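See structure below.
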Amino acid sequence: MSQPEENRKEKLMAAAMAAVSAYLQLEEEACHQKLVAAMAPPRAQQAPQPTLNLWGQSGRQGMMQMRNLMQIKAFQR
């Protein structure tokens with residue numbers, strides 16, 4: 001074999017080894033992150049925030065105003 005061909009094979013082998021090493025390192029990091037997440041204490045579940053119902057709020061406000069007017073009328077006698 002000639003010298004350039006041997007250098008090419010060595011470079012290909014080094015590139016393949018580097019790729020395999022990087023892949024194994026990524027897999028190890030992912031496994032470590034999963035392990036850390038599994039060992040972490042569970043977070044408290046937050047109740048979903050209720051949505052603002054404008055029609056309901058408007059209706060309740062109207063009822064309170066009507067009750068207030070009736071109270072004013074009753075006490076003004």
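The values are calculated or read from the model by the stated rules, or taken from the named source; none is laboratory data. The structure presented is a predicted model; accordingly, all values stated were derived computationally and were not measured. Cβ atoms come from the backbone with ideal geometry, glycine included; neighbour counts cover every protein chain shown. Heavy atoms of the whole protein, side chains included, go into the accessibility calculation; ligands, DNA and RNA do not. Shrake-Rupley method; radii C 1.70, N 1.55, O 1.52, S 1.80 Å.
Out of all the residues in the stretch 2-22, is one or more part of a loop (DSSP other than H, G, I, E, B) and either out of contact with any Lys or Arg (no Cβ under 8 Å at 6 or more places or on another chain) or open to solvent by 80 Å² or more (accessible area, probe 1.4 Å) (or both)? The answer is yes; a qualifying residue exists. Being of a type in the set (S, T, N, Q) and surrounded by 10 or more Cβ atoms within 10 Å (Cβ to Cβ) holds for only one residue in 45, 49, 33, and it is 33.
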